[in-house]
1. Return the equivalent ellipsoid semi-axes of region 117-237 as a descending list in whole Å, where each equals the square root of 5 times an eigenvalue of the C-alpha gyration tensor.
2. Provide the FRET efficiency to the nearest 0.05 for the residue 210-residue 78 pair, computing r from the beta carbons and using R0 = 25 Å.
3. Could you work out the Rg to Rh ratio of the chain, with Rh taken as the Kirkwood radius (inverse of the mean 1/r over all Cα pairs)?
4. Run the simple label-point estimate for residue 126 and residue 94 please: 7 Å along Cα→C-beta, distance reported in nm.
5. Which values, in whole Å and largest first, are the semi-axes of the equivalent ellipsoid of region 95-162 obtained as the square root of 5 times each eigenvalue of the Cα gyration tensor?
6. Which FRET efficiency, nearest 0.05, do residue 140 and residue 52 yield, Cβ-Cβ r, R0 41 Å?
7. Antiparallel versus total DSSP beta bridges in the chain: what percent is that, nearest 5?
8. Determine the dipole magnitude for the chain: charges of +1 sit on the beta-carbon of Lys and Arg, -1 on that of Asp and Glu, nothing else is charged, the reference point is the Cα centre, and the result goes in debye to the nearest 20.
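The values are calculated or read from the model by the stated rules, or taken from the named source; none is laboratory data. Since the structure is predicted, the reported quantities are computational estimates derived from the model, not experimental observations. Glycine gets a Cβ as well: all are built from the backbone with ideal geometry, and neighbour counts include every protein chain shown. Surface accessibility is based on the protein's heavy atoms, side chains included, excluding ligands, DNA and RNA. Shrake-Rupley method; radii C 1.70, N 1.55, O 1.52, S 1.80 Å.
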Amino acid sequence: MSGALQKLSLQITPNPSDLCCICGREIVVPEDSPLRQENSATWKCPDCERSVAEKIAARKKSEIESSRNKFLDQVPVSFRRTERGKLPFPEKLDAALNWNFGSRGLLLFGPTGCGKSRVIWEVAKREIGKGIKVRCLSAYELIRYPAMFMAGDDAAGKFAEELVEAQLLLLDDVFKAKPTERIEELLFTVIDERGAWERPCLITLNDTGSTLEARLSSDRGPALIRRLREHCQVIQF
């Protein structure tokens, strides 16, 4: 055998250890392949590599669908089927859907009955369909916070931490809750921390900046409003 043919034969003949870790089929791994830097016990033939990738993709799709279904259970029944043409201001839905998940959130404000909640829930449903994990905080849940705080255990701390660390936080009309010292403190802390870590919020408000400031304490009110403006894209209804 010529030297050239012998060299070619050595290149294409598998080593005894060049076996697929799943099906055991012999595979050819060239000596200069990056795979040679990895544990040979993880090598896969093309068919098994493709099969594993398909299973991972299917599992991820299933997890997203499961998460989406779990989230939809939290959507108020009246918001589960929103029709654009029936909204008071359908163009606001279009504007809100132009928002993209990123470092800044989305804030909708305007009077009661103009469709803010329906619009913000449509944005949230779209994001969960992309695999984003959404945590919703309602005014009803918020008013329970002072009791958690007074209980003296770590429930209040865990509650606040959960809100701060959520991938996307939905605050639908939470400022309707009476702004007690504890509630105001929680909202300020959560919004401030999320802004610092560039974790976005979806927020609806009935207030304008001036009416909200009038309902909040003088030391936190202006600072909170400033952070809302800094950390959110704002749409007025």
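1. On the way: eigenvalues 89, 72, 35 Å².
In descending order the semi-axes read 21, 19, 13 Å.
2. On the way: r = 30 Å, r/R0 = 1.21.
Once the sixth-power term is evaluated, E becomes 0.25.
3. Working: Rg = 26.9 Å, Rh = 21.6 Å.
Expressed as Rg/Rh, it is 1.24.
4. Going from the residue 126 label point to the residue 94 one covers 1.3 nm.
5. On the way: eigenvalues 160, 55, 18 Å².
Over the Cα atoms of region 95-162, the ellipsoid semi-axes are 28, 17, 10 Å.
6. Values: r = 45 Å, r/R0 = 1.10.
Efficiency, from the Cβ-Cβ distance: 0.35.
7. On the way: 1 of 19 bridges.
Given both bridge residues lie in the chain, the antiparallel proportion sits at roughly 5 percent.
8. On the way: 36 positive and 34 negative charges, 171 e Å.
Charge dipole, the chain, about its Cα centre: 820 debye, nearest 20.
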